[in-house]
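Trainee: Handing you this structure, nothing more for now.
Quick note: the coordinates plus some simple rules give every number you see, no bench work behind them. Given the structure is predicted, the values throughout are model-derived calculations rather than measurements. Note: ideal-geometry Cβ built from the backbone for every residue, glycine included; neighbour counts use all protein chains shown.
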């Protein structure tokens, strides 16, 4: 396991921040079906970048699953509220399996909380660079 160069970590954080900004924008658009779908898709991208960032900052290889990433981030003090992150992981998997309208709506309603959790992760990781 080799250490990730600091520049690569900064690039990952830039991508995570960009995804957080896009998620924020789409959440402010309104709750039409189009924007709900766009928000769920953006959440997926944001969650993926969050997991990639945790892996890199934790110096873990790509084989580390999301649950291990969440545990590591919690142990390092990068995240709070592990049950929320576990729920976020389940919802990420759910949206990738073409959820029903009710399931998609339930995940959509949680996106502002998830956004805040990922923003907090971003802030913690940014302080490490």
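Trainee: Would you compute, for the Cα atoms of the chain, the largest minus smallest coordinate along each principal axis and list the three values in descending order, in whole Å?
Mentor: 44, 24, 22
Trainee: Sort 120, 89, 53 so the one with the fewest other Cβ atoms within 10 Å of its own Cβ comes first.
Mentor: 120, 89, 53
Trainee: Enter the angle in degrees (range 0 to 90, nearest 10) between the Cα long axis of helix 101-126 and the first principal axis of the Cα atoms of the chain, meaning the one along which they spread out most.
Mentor: That works out to roughly 30 degrees.
Trainee: Something else: I want to verify a result. In a Gaussian network model of the chain, Cα cutoff 10 Å, which of these has the top mean-square fluctuation: 119, 110, 52?
Mentor: 110
Trainee: Let me ask another. Can you give the angle from 0 to 90° between the axis of helix 66-75 and the longest principal axis of the chain, with both taken from C-alpha atoms, to the nearest 10?
Mentor: 60
Trainee: How far, in degrees from 0 to 90, does helix 6-27 lean away from the longest principal axis of the Cα atoms of the chain, to the nearest 10?
Mentor: 10
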